1. L6 passes all but one of (1) at pLDDT 95 or above; (2) loosely packed, with under 14 Cβ neighbours inside 10 Å; which number fails?
2. Provide a single number: the residues in segment 48-84 that are of a type in the set (F, W, Y) and touching a residue at least 60 places away in the same chain (Cβ under 8 Å).
3. Is one or more of the residues making up segment 140-148 closer than 30 Å to V20 by Cα and not polar (S, T, N, Q)?
4. Within segment 97-125, which residues are closer than 19 Å to I83 by Cβ, in contact with a Gly (Cβ under 9 Å, 6 or more places away or on another chain) and of a type in the set (A, V, I, L, M, F, W, C)?
5. Can you tell me which residue among A68, A21, A89 is closer than 26 Å to D137 by Cα and either modelled with pLDDT under 95 or within 16 Å of the chain's Cα centre (by Cα) (or both)?
6. Which condition breaks for P114 when tested against (1) farther than 30 Å from D37 by Cβ; (2) at pLDDT below 95?
Amino acid sequence: MESQWLDQSSYKEDAEWAIVALSFPELFTSYERKGADETFRNSWPTAWEEIHGRELGSGQSWTKDRQAFERRHAGDWVVVSAIYSSHYADMTEVVATRGGMRDQRADERRFLVPSAEYATRGPFGFVIDEQRHAVYDGPSDFIGWQWRRTGT
């Protein structure tokens, strides 16, 4: 199983067992090998595709699906933090950044989103629809938001 990708990969401690299980299948049950394949596919989709000679489709690798989401929404406002609003009933106050970037230097904006709508978010985040979700600059339920906005 030694190949170029193995040398270049950064191991994920909870997933490394899959490499061992797939390298020495005779030491593992069919159930464990199936779990190893799933773990490997989700952790290292490019390597999995190289080994199997086929491309994974949508829904076959969590990592690959997350990467596609990030590419598709790189320029969109993606929620990075949320809290139920005590100022507006049935609303969730959210902080979003472009592409969902979690970096102190990222430009942040707050929005109010209906809580029922926010509850439908997908596994990789909630994308703000600027046509429906207006920028919100009112009172905040986020601890420290006023300090971040005013520096006081």
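The values are calculated or read from the model by the stated rules, or taken from the named source; none is laboratory data. Not measured: the values here are computed from a predicted model. Cβ: placed from backbone, ideal geometry, glycine included. Neighbour counts: every protein chain shown.
1. Tallying (1) at pLDDT 95 or above; (2) loosely packed, with under 14 Cβ neighbours inside 10 Å, L6 fails exactly one: (1).
2. Qualifying residue count for the region: 1.
3. No: zero hits.
4. Result: A106, L112.
5. A89 is the lone residue from the list that is closer than 26 Å to D137 by Cα and either modelled with pLDDT under 95 or within 16 Å of the chain's Cα centre (by Cα) (or both).
6. Unmet for P114, out of (1) farther than 30 Å from D37 by Cβ; (2) at pLDDT below 95: (2).
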